[in-house]
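These notes concern the structure reproduced below.
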Amino acid sequence: MTDQREITLTVNGTERTIEVEPRRLLVHAIREDLDMTGTHIGCDTGNCGACTVLRDGEPIKSCMMFATQADGSEIMTVEGMEDLPAAGEDLHPLQEGFHKEHGLQCGYCTPGMLMSGKALLDENPDPDEAEIRDAISGNLCRCTGYQNIVSSIEYAAEKLDEQAAADGGVVAEDGDSDGFDCGVENCCGGPSAETPTPHVEGADPQFDDVTEGSESE
Amino acid sequence: MKAAPFEHHEPTSLSKAVSLLESLDDPTILAGGQSLVPMLRFRLARPDTVVDINGIDELDYLDESDGYLKIGALARHADIEESDVVTENYGSFADAAPLVADPQIRNRGTIVGSIAQADPKGDWGSVLIAHDGEVVAEGPEGERVIPVDELFLLPYDTSLDENELITEARVPTPPEREGSAYHKLKRKTGDYAMAGVAARLRFDDDGTIADAGIGMTAVDITNARAADAEAHLEGERPSAELFQKAGELAAEQSNPESDEHGDASYKERMVNVLTQRALGDAAERAGVVKRRATP
Ligand SMILES: Cc1cc2nc3c(=O)[nH]c(=O)nc-3n(C[C@H](O)[C@H](O)[C@H](O)COP(=O)(O)OP(=O)(O)OC[C@H]3O[C@@H](n4cnc5c(N)ncnc54)[C@H](O)[C@@H]3O)c2cc1C
Ligand code: FES
Ligand code: FES
């Protein structure tokens, strides 16, 4: 016997109230209760990242948390991308990047990759390749070999930077009061005023290389 | 697979959590869920009741006070990564944090949850050992402090009572002339360690090693202390030869199993190498030695 719990999630800017059992995973609530199947399930073990969504702006694996635990939070899924201010009329620059740079083949990993890419660019609008690879290290892709995914995110970073420059440093609000707001300051493709969190490197560069080398064997 | 049904409790204060844990039959604590959620789903764990501690704000802290780095039960791996205090002073913690799992998992998983999980492949247990850390547990009988050496019993088993909750893990603030480091060997980013070593060295004014701590990951049935290597280091001056001997002693004391990632003798060699590297970093960070040019 289990109780049903009423929870409210703000999903891509829209408040949704659903009843769930405590054992309901967030990913199942999103896919089955909210009928938003853009968020994928790849592994069920927390390894693949296909189920990545943003919770209050932070990337998490939605198969690794219960829906009740997300009560009251803002969830962003891949379906919310094109409603972001930076998307303008069409695709968000990240989606456009994946299109132009061939950042996908089967596309199974793509929703998760987009979410991790989004979280990265919100924090750090000008990431280098290592930072991009680090940001998507919790997302597996069985097709692309990652190279084009990195290029896609680089494409988006440049495009967002151009947009920001064209707007005089501020991304225009779309004027729509229902417009999605992920709740994070300077977010949604806008230039970030926050200093990117310094990347904590391993102990010593000289040894980093050695360790990296042995990692890949 | 779905988790078996359970009753879900969400206390908002520590005192409520403690009384819940006391009154409930077979309660299981849910912290970051990054180990427990899959265990529930695969029904490796089938508790009747789950006590979710994520709403207890008073457990969400990471500070340096009273001579300790104090890690509250809700401090996430990512909080360690982002902490300036840690980056400045706690080399092994700063090394380990970005090596735990991946960014998404680090946003949810907690240091304390990882220690309570007592997975011999967990990274934080070794760091705690190297720093002679302890955990603070709260239960029906009140508070007690458990030194790390008395915490890990078997894989996934600690000396914690069934209805006790760890409120905090803590390690002493390093004095001058102390440094620490963590090195981890893994197949790819995001993986658990094939082997890992945390090392801490404190030096006397004359440059001899006053205190050494070495914890090992994934090479025994629990996170393990390399006590022989520690004893060999204490009272000596740092040198490549000394660290080499310490590496050998740590490898001898480790007890890895062969698996698909490597056989036991390979892992022992890796313990030796990682120990030397971690000691080298620790000594350098203590400001006592400059490392030689070639490893
Ligand atoms: C894909 C993947 C990769 C990972 N890689 C690594 C890795 O490389 N290194 C590593 O160290 N870990 C790794 N982990 C595990 C991760 O670090 C988890 O965060 C950690 O093991 C558990 O912390 P948690 O807060 O999620 O605890 P939970 O999953 O919520 O709980 C774990 C256990 O601890 C108990 N518990 C939790 N909090 C308390 C408390 N305050 N008092 C008493 N008991 C408590 C729970 O009842 C449960 O038994 C990985 C996990 C995944 C899914
Ligand atoms: S489905 Fe969640 S990580 Fe793979
Ligand atoms: S495109 Fe197929 S898994 Fe990434």
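The values are calculated or read from the model by the stated rules, or taken from the named source; none is laboratory data. Bear in mind the structure is a predicted one, so any value in this text is a computation, not a measurement. Ideal geometry is used to build each Cβ from the backbone, glycine not excepted, and the neighbour counts take in all protein chains shown. Heavy atoms of the whole protein, side chains included, go into the accessibility calculation; ligands, DNA and RNA do not. Shrake-Rupley method; radii C 1.70, N 1.55, O 1.52, S 1.80 Å.
So the values come out like this:
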read-out: Count of residues meeting criterion [more than 9 Å from chain B (Cβ to nearest Cβ), under 12 Å from residue A:9 (Cα atoms) and open to solvent by 10 Å² or more (accessible area, probe 1.4 Å)] in the stretch A:48-70; value: 1
read-out: Close pairs from the stretch A:131-156: first assigned by TED's automatic domain parsing to the domain that holds residue A:112 and aliphatic (A, V, I, L, M), partner away from ligand 3 (no atom under 14 Å from the Cβ) and open to solvent by 50 Å² or more (accessible area, probe 1.4 Å), Cβ under 8 Å, at least 6 apart; value: A:132/A:154; A:150/A:129; A:150/A:133
read-out: Some residue of the stretch B:79-102 being under 21 Å from residue B:194 (Cα atoms), in contact with a Lys or Arg (Cβ under 7 Å, 6 or more places away or on another chain), in a helix (DSSP H, G or I) and among the charged types (D, E, K, R); value: no
read-out: Residues satisfying the stated conditions in the stretch A:22-47, i.e. on the phi < 0 side of the Ramachandran plot, open to solvent by less than 20 Å² (accessible area, probe 1.4 Å) and either among the hydrophobic types (A, V, I, L, M, F, W, C) or facing another protein chain (nearest Cβ under 10 Å) (or both); value: A:22, A:25, A:26, A:27, A:29, A:30, A:34
read-out: Elements of type strands (runs of 3 or more DSSP E) contained in the stretch B:178-271, each with 2 or more residues being within 14 Å of chain A (Cβ to nearest Cβ) and in contact (Cβ under 8 Å) with a residue 12 or more places away in the chain; value: B:178-185, B:195-203
read-out: Among the residues listed as A:165, A:156, the single one being in contact with a helix residue (DSSP H, G or I) (Cβ under 9 Å, 6 or more places away or on another chain), at pLDDT 75 or above and either at negative phi or within 16 Å of ligand 2 (Cβ to nearest atom) (or both); value: A:156
read-out: Members of the stretch A:131-148 found to be assigned to a helix (DSSP H, G or I), of a type outside the set (Asp, Glu) and within 11 Å of another protein chain (Cβ to nearest Cβ), listed by number; value: A:133, A:135
read-out: Only one of B:98, B:27 that is modelled with pLDDT under 95 and surrounded by 21 or more Cβ atoms within 10 Å (Cβ to Cβ); value: B:27
read-out: Members of the stretch B:120-157 that are in contact with a helix residue (DSSP H, G or I) (Cβ under 8 Å, 6 or more places away or on another chain) and assigned to a loop (DSSP other than H, G, I, E, B); value: B:122, B:123, B:131, B:132, B:133, B:140, B:151, B:156
read-out: Residues of the stretch B:46-63 satisfying the condition of being open to solvent by 20 Å² or more (accessible area, probe 1.4 Å) and assigned to a loop (DSSP other than H, G, I, E, B); value: B:46, B:48, B:54, B:55, B:60, B:61
read-out: Condition broken by residue B:132, with the remaining ones in (1) open to solvent by 30 Å² or more (accessible area, probe 1.4 Å); (2) near ligand 1 (Cβ under 8 Å from one of its atoms); (3) in contact with a Gly (Cβ under 8 Å, 6 or more places away or on another chain); (4) more than 29 Å from residue A:130 (Cβ to Cβ) satisfied; value: (2)
